[in-house]
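Engineer: This structure is in structure tokens; I'll ask about it shortly.
Only the coordinates and a few stated rules stand behind these numbers; no lab work does. All of these numbers come straight from a predicted model, not from anything done at the bench. No Cβ is skipped: glycine too gets one built from the backbone with ideal geometry, and neighbour counts run over all protein chains shown.
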Amino acid sequence: MITFKRPDGKECSGFYVEPNAGNRAPGIVVIQEWWGVNDQIKGVANRLAAAGYRAVVPDLYRGKVGLDAKEAEHLMTNLNFGDAATQDIRGAAQYLKQTSSKVGVTGFCMGGALTVLAAVHVPETDASVSWYGCPPLDYVDATKIKAPLMGHWALDDAYFPIQQVEGLEEKLKQANVKYEFYRYKAKHAFANETLKDPGAPIAYDAAAAETAWTRTMTFFKQHLG
């Protein structure tokens with residue numbers, strides 16, 4: 001765990017991992033699902049480090065982790081999304097930018113929605129990849145998005161309807177944002193390999209996840225190096 005400064009001067013902690021290339025490698029801010037900074041999202045950071053990127057997962061819940069859906073929903077409902085995007089996530093990006101020339105942002109579920117908000121509010125971002133998470137469109141001023149954006153969306157998503165994604169896409173087109181959106185015949189959270197709740201409208205899809213990861217790594221290599 002590391003501690004970094006937010007733009008407002010307050011501190012935020014985060015899980016940090018570094019590749020063999022050290023602290024001058026390109027960086028990526030990884031944003032948690034609604035569960036918090038658990039082993040699964042740390043695994044995503046480790047995967048990116050193995051691919052050559054520095055990765056930091058800002059601890060948006062300040063040490064708390066949701067162990068079931070009810071607890072996770074409670075934590076997410078109490079999160080100030082604006083503060084998380086403009087302060088915690090931007091602070092993490094600024095921390096990486098101290099030694100990395102290029103920095104990306106990626107997030108899943110709640111973190112996917114925050115990735116889109118970060119694309120708007122974190123000018124340090126050089127590329128963003130959102131996984132099945134879309135914020136309310138009223139909060140997205142697409143004219144402020146200057147870096148390329150990739151999105152991975154589930155056609156059978158019970159939490160983020162594909163119609164909402166289409167609305168976001170229209171905003172991006174109107175603002176001439178450089179973006180790539182991909183849709184998968186899958187359910188919400190299709191890239192989370194730890195899902196164990198068959199009662200929820202979510203499901204891991206290994207094939208869709210692998211395709212999305214391949215596209216993500218190509219995208220980050222193109223824009224971050």
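Engineer: Going through segment 120-138 one residue at a time, which ones are of a type outside the set (Phe, Trp, Tyr) and touching a strand residue (DSSP E or B) at 6+ places or on another chain (Cβ under 9 Å)?
Structural biologist: Correct list: 122, 124, 125, 126, 127, 128, 129, 130, 133, 134.
Engineer: Related question: Determine the pairs where a residue that is free of Cβ contacts under 8 Å to residues at least 40 places away in the same chain, located within segment 27-55, has a partner that is of a type in the set (Ser, Thr, Tyr) and outside any helix (DSSP H, G or I) with Cβ atoms under 7 Å apart, the partner being 6 or more residues away or on another chain.
Structural biologist: Within 7 Å, the pairs are 36/61.
To keep it simple, each residue is scored yes or no on (1) surrounded by 24 or more Cβ atoms within 10 Å (Cβ to Cβ); (2) in contact with a strand residue (DSSP E or B) (Cβ under 7 Å, 6 or more places away or on another chain); (3) in a helix (DSSP H, G or I).
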site: 113; (1), (2), (3): yes, no, yes
site: 118; (1), (2), (3): yes, yes, yes
site: 146; (1), (2), (3): no, no, no
site: 154; (1), (2), (3): yes, yes, no
site: 159; (1), (2), (3): no, yes, no
site: 169; (1), (2), (3): no, yes, yes
site: 184; (1), (2), (3): no, yes, no
site: 187; (1), (2), (3): no, yes, no
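Engineer: Let me ask something else. Tally up the residues in segment 203-214 that are surrounded by fewer than 16 Cβ atoms within 10 Å (Cβ to Cβ) and hydrophobic (A, V, I, L, M, F, W, C), please.
Structural biologist: Residues meeting the conditions: 2.
Engineer: Restricting the search to segment 122-144, which residues are more than 13 Å from residue 105 (Cα to Cα) and either over 14 Å from the mean Cα position of the chain (by Cα) or among the polar types (S, T, N, Q) (or both)?
Structural biologist: 136, 137, 138, 139, 140, 141, 142, 143, 144
Engineer: If you take the residues of segment 1-53 that are of a type outside the set (Phe, Trp, Tyr), within 18 Å of residue 218 (Cα to Cα) and in contact with a Pro (Cβ under 6 Å, 6 or more places away or on another chain), which of them is surrounded by the most Cβ atoms within 10 Å (Cβ to Cβ)?
Structural biologist: 25
Engineer: If I filter segment 81-95 for residues that are surrounded by 14 or more Cβ atoms within 10 Å (Cβ to Cβ), among the hydroxyl-bearing types (Ser, Thr, Tyr) and touching a Gly at 6+ places or on another chain (Cβ under 6 Å), do I get at least one hit?
Structural biologist: So far as segment 81-95 goes, no, none of its residues is surrounded by 14 or more Cβ atoms within 10 Å (Cβ to Cβ), among the hydroxyl-bearing types (Ser, Thr, Tyr) and touching a Gly at 6+ places or on another chain (Cβ under 6 Å).
Engineer: Related question: What are the residues in segment 40-88 that are under 26 Å from residue 26 (Cβ atoms) and part of a loop (DSSP other than H, G, I, E, B), if any?
Structural biologist: 51, 52, 53, 59, 60
Engineer: With respect to residue 200, is the statement that it is surrounded by fewer than 15 Cβ atoms within 10 Å (Cβ to Cβ), within 18 Å of residue 110 (Cβ to Cβ) and in contact with a His (Cβ under 7 Å, 6 or more places away or on another chain) true?
Structural biologist: So residue 200 fails the test.
Engineer: Now, a different point. Step by step: first the residues of segment 91-111, then only those that are closer than 14 Å to residue 146 by Cβ and not in a strand (DSSP E or B), then the one that is farthest from the chain's Cα centre (by Cα). Which residue is that?
Structural biologist: Ranking the candidates gives 102 first.
Engineer: Looking only at residues in segment 171-182 that are over 23 Å from residue 47 (Cα atoms) and within 19 Å of the chain's Cα centre (by Cα), which one is surrounded by the fewest Cβ atoms within 10 Å (Cβ to Cβ)?
Structural biologist: Per the stated criteria, the residue is 178.
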